[in-house]
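Engineer: Got a structure for you, questions after.
The values are calculated or read from the model by the stated rules, or taken from the named source; none is laboratory data. Values in this document were obtained by computation on a predicted structure and should not be read as measured data. Positions of Cβ are generated from backbone atoms using ideal geometry, with glycine treated the same way; all protein chains shown enter the neighbour counts. To get the accessible areas, we keep the full protein, side chains included, count just its heavy atoms, and leave off ligands, DNA and RNA. Shrake-Rupley method; radii C 1.70, N 1.55, O 1.52, S 1.80 Å.
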Amino acid sequence: MGTFRPIRIIISGGGTGGHIFPAVSIANKMRELNPDSEILFVGAEGKMEMEKVPAAGYRIVGLPVVGLQRKLTLKNILNDLGAPFKVLSSIVKAGRLIKEFKPDIAIGVGGYASAPLLWAAQRKGVPTLIQEQNGFAGLTNRILGRRADVICVAYEGMERFFPASRIIMTGNPIRGGIVPPTPQTREEGMKFYGMDPAKKHILIVGGSLGSGTLNRSVRKWIESGCPGGENLELLWQCGRYYKKETDSFMETVDSGLARSIHWSDFIGRMDLAYAMADVVISRAGASTVSELCAAHKASVLVPSPNVAEDHQTHNAMALVRHDAALLVKDAEAPGSLMDTAVKLVNDEARVKQMENNISALAMTDAAMTIAECAYRLLDGK
């Protein structure tokens, strides 16, 4: 597209962690294209974005909006009773922000925090672009998509949720450095994590906070003596919430078995973790699925049952339908997850086929594609 003129951009979204990284990634690309562009984030007061966005170098304003809670407790009932008033207050505040900031475009990345800002922007005639990360569109984006000018998606078949004429397939922005492994990066990953290159390797990722289901599945397999794991090493991210209990559990494990299990609450160099892994076990969040595609990794996915509209199952099935991943249901994971993963990692031909299949689904540099969509919208192309 040539040169990119400076523009004023509001990026709104959050309330849940999965929306923050794509938002920051889009902002980084916009700033890279023209450092003189003005970028303002809008999120939900008290949520993760209010900490993570300033840490990334951007200004953010919080709205009092809250999400509806589905579980029936007194606290949640009180939250839901107050939600409509907070939404109205948020819409008023969003209107003031738009009047003061005068954005050329408003970009929404999903989550309830984006609703008041994008709703107000649409009614004030500000061009809007929304980015839907999941294979099953969230409620906020489904509502906003009725009037959004451009809808950027990462999965096929999104015409179920949005007007087909405004959909553009862009993929999801992912963190830098997630690329297909080379012999050099694989060797670097082995050294970094202290792995034996002669063995096969499974990476288990339960998120920064951890996954109780994945951890229980691994512990049960270890307690059974690691069947099928004679030539296997694990790199296990147990998560911050589960670090103490995992440490205590591993103290009870036979030292011979324990030497093949590397665990920590957080994996900082995810690029090297992917590079050294033969198979990945993970939840099926949108960003994770996009990273697996970019890294060309065979995987066993366990969709979380604790997310709205079961969208992780839809994300996982987008890979399963192309024989690019295996799916194990959350309720069945403690009994079958590790056996499934061990069987897969020992079948080199199957792993290779899944790597080939998932590589065809990778969409690289999604942030650049989304940024170009924004400029085309503003330039009327």
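Engineer: Report relative contact order for the chain in percent, whole number only (criteria: Cα-Cα under 8 Å, sequence separation at least 6).
Structural biologist: Across the chain, relative contact order equals 15 percent.
Engineer: Under the Karplus relation 6.51 cos²θ - 1.76 cosθ + 1.60, θ = phi - 60°, what is the ordered set of whole-Hz ³J(HN,Hα) values for the stretch 288-294, x standing for Gly and Pro?
Structural biologist: So the J values, rounded to whole Hz, are 4, 4, 5, 5, 4, 5, 5.
Engineer: In Å², what does the accessible area per residue of the chain work out to with a 1.4 Å probe?
Structural biologist: That works out to 45 Å² per residue.
Engineer: While we're on this one: Given Cα positions, please report Rg to Rh for the stretch 276-381, the hydrodynamic radius being the Kirkwood one.
Structural biologist: 1.08
Engineer: Test of understanding: given the chain, find the longest segment containing no GluC sites (Glu not before Pro) that are in a DSSP loop and have at most 12 other Cβ atoms within 10 Å.
Structural biologist: The answer is 1-155.
Engineer: Among VAL289, LEU319, PRO6, which residue has its Cα positioned farthest towards the positive end of the charge dipole of the chain, with +1 placed on the Cβ of Lys and Arg, -1 on the Cβ of Asp and Glu, and the dipole taken about the Cα centre?
Structural biologist: So the residue we want is PRO6.
Engineer: How many nm is it between the label spots at LYS102 and ARG240, if each spot is 7 Å from the Cα in line with the beta carbon?
Structural biologist: Taking the simple label geometry, LYS102 and ARG240 are separated by 4.0 nm.
Engineer: Given an 8 Å cut-off on Cα distances and at least 6 residues of separation, report the relative contact order of the stretch 142-184 as a percent.
Structural biologist: Rounded, it is 36 percent for the stretch 142-184.
Engineer: With θ set to phi - 60°, apply the Karplus curve 6.51 cos²θ - 1.76 cosθ + 1.60 along the stretch 342-358 and write out the HN-Hα couplings as whole Hz, x wherever there is a Gly or Pro.
Structural biologist: Result, rounded to whole Hz: 5, 4, 5, 5, 8, 10, 4, 5, 5, 4, 4, 5, 5, 4, 5, 5, 6.
Engineer: Scan around LEU327 for amide H atoms under 5 Å from its own, H built in the peptide plane at 1.01 Å from N, and keep only partners 5 or more places away or cross-chain.
Structural biologist: The list, which skips near neighbours in sequence, is LEU301.
Engineer: Suppose we keep just the alpha-carbon trace of the stretch 152-231; what are its Rg and Dmax in angstrom?
Structural biologist: 19.4, 55
Engineer: Mean projection of the alpha-carbon convex hull of the stretch 96-254 over all orientations, in nm²?
Structural biologist: For the Cα atoms of the stretch 96-254, the hull's average projected area reads 14.1 nm².
Engineer: Largest first, what is the accessible-area ranking of ASP278, ASP104, ASP339 with a 1.4 Å probe?
Structural biologist: If we order ASP278, ASP104, ASP339 from most to least accessible, we get ASP339, ASP104, ASP278.
Engineer: Tell me, what is the 1.4 Å probe accessible area of SER336, in Å² to the nearest 10?
Structural biologist: 40 Å²
Engineer: Something else about it: Under a 1.4 angstrom probe, counting protein chains only, how are ARG321, ARG219 ranked by accessible area, largest first?
Structural biologist: ARG321, ARG219
Engineer: Heavy-atom accessible area of HIS311 with all protein chains present, probe 1.4 Å, nearest 10 Å²?
Structural biologist: 40 Å²
Engineer: What size of dipole, in debye to the nearest 20, comes out for the chain about its Cα centre when the only charges are +1 on Lys and Arg C-beta atoms and -1 on Asp and Glu C-beta atoms?
Structural biologist: Dipole magnitude for the chain comes out near 1420 debye.
Engineer: Continuing with this model, one more query. I need the P(r) histogram for the chain: all alpha carbon pairs, bin width 20 Å from 0 out to the longest distance, whole percents.
Structural biologist: Per 20 Å bin, starting at zero, the Cα-Cα P(r) for the chain comes out as 28, 54, 18, 0 percent.
Engineer: Shifting gears a bit: Given R₀ = 35 Å, what would the calculated FRET efficiency be for VAL253 paired with LYS352, taking r from the Cβ atoms and rounding to 0.05?
Structural biologist: That pair, VAL253 with LYS352, gives E of 0.65.
Engineer: Hey, what's the Kirkwood Rh for the stretch 224-291 if you take every pair of different alpha carbons, in angstrom?
Structural biologist: Every distinct Cα pair counted, the radius reaches 13.5 Å.
Engineer: Further, regarding this structure: Pull up all non-local amide H partners of VAL61: gap of 5 or more, or a different chain, and H-to-H distance under 5 Å with H placed in the peptide plane.
Structural biologist: Counting only residues 5 or more places away or on other chains, the set is PHE41, VAL42, GLY43.
Engineer: How many nm separate the modelled label positions at ARG5 and ARG269, each set 7 Å beyond the Cα in the direction of the Cβ?
Structural biologist: Between ARG5 and ARG269, the simple spin-label model gives 4.5 nm.
Engineer: Please work out whether the stretch 210-260 counts as rounded, prolate or oblate from its C-alpha gyration tensor, where a ≥ b ≥ c are the square roots of the eigenvalues and a/c under 1.5 means rounded, while otherwise a/b larger than b/c means prolate and anything else oblate?
Structural biologist: It comes out prolate by the Cα gyration axes.
Engineer: May I ask which residue of VAL205, PRO116, VAL24 lies farthest towards the positive end of the charge dipole of the chain, with charges of +1 (Lys, Arg) and -1 (Asp, Glu) on Cβ and the Cα centre as origin?
Structural biologist: The one lying farthest along the dipole's positive direction is PRO116.
Engineer: Convert each backbone phi in the stretch 144-155 into a coupling constant with the Karplus relation 6.51 cos²θ - 1.76 cosθ + 1.60 (shift: θ = phi - 60°), then list the ³J(HN,Hα) values in order as whole Hz, x for Gly and Pro.
Structural biologist: Those phi angles translate into 5, x, 5, 10, 5, 6, 9, 10, 8, 10, 10, 10 Hz.
Engineer: Follow-up. If you find the alpha carbon centre of the stretch 10-65 and of the stretch 187-253, how far apart are they in angstrom?
Structural biologist: Taking the Cα centre of the stretch 187-253 as reference, the centre of the stretch 10-65 is 33 Å away.
Engineer: What's the FRET efficiency of ASP36 with ASN306 using the Cβ-Cβ distance as r and R₀ = 35 Å, to the nearest 0.05?
Structural biologist: Once rounded, the FRET efficiency stands at 0.25.
Engineer: Next question, about the same structure. Roll a 1.4 angstrom probe over the protein heavy atoms and tell me the percent of accessible area of the chain that is carbon or sulfur.
Structural biologist: 53 percent
Engineer: If each residue of separation counts as 0.36 nm, what is the full-extension length gain between ARG147 and ASP323 once their alpha-carbon separation is subtracted?
Structural biologist: So the extension gain works out to 59.8 nm.
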